[in-house]
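Right, one structure below, let's go through it.
Coordinate-derived values only; no laboratory data. Values in this document were obtained by computation on a predicted structure and should not be read as measured data. Don't worry about glycine lacking a Cβ; one is built from the backbone with ideal geometry, like all the others, and counts go over all protein chains shown.
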Amino acid sequence: MTQAARTLGVVAPYREYKVYGKHVYGSLYGCDPELLSDPEYLKETVVVAAKVGKMTLLDIKYWHIYPGVSIVAIILESHITI
C-alpha cells in the first residue's frame, strides 16, 4: 500500500489502473454572452455533446451564477462541466 493510501486511511490494497480516455479542455473566445447565461441552451449543449460522444448521461445540475451559468453533467464514464 502506498504512503498516500495509508495517510488517507485506505484499507484495501491500492492498485495501479491503466486509464483509457482523454481529458479535453479549452478556452473559448468571442462567445455570445446571452448564450453563456442561458441554462437551457447550455444544458442542451451538454446533452448533445454526451450523445455525440456516445456517453451515458446520468444527471445534469446547473447553477445560474451572475453573469453566467455553471453546469455539471455526471456521465457513467466521467463528467462534463461548463
Over region 55-67, the set of residues surrounded by fewer than 16 Cβ atoms within 10 Å (Cβ to Cβ), out of contact with any Asp or Glu (no Cβ under 9 Å at 6 or more places or on another chain) and either within 22 Å of Pro33 (Cβ to Cβ) or of a type outside the set (A, V, I, L, M, F, W, C) (or both) is Asp59, Lys61, Trp63, His64, Ile65, Tyr66, Pro67
Residues within region 16-66 that are among the hydrophobic types (A, V, I, L, M, F, W, C) and in a loop (DSSP other than H, G, I, E, B), tallied | 5
Which pairs do you get when a residue that is more than 12 Å from Ile80 (Cα to Cα) and free of Cβ contacts under 8 Å to residues at least 12 places away in the same chain, found in region 57-69, comes within reach of a residue that is among the polar types (S, T, N, Q) and in a strand (DSSP E or B), reach meaning Cβ atoms under 8 angstrom, with the pair 6+ apart or on two chains?
-> Trp63/Ser70
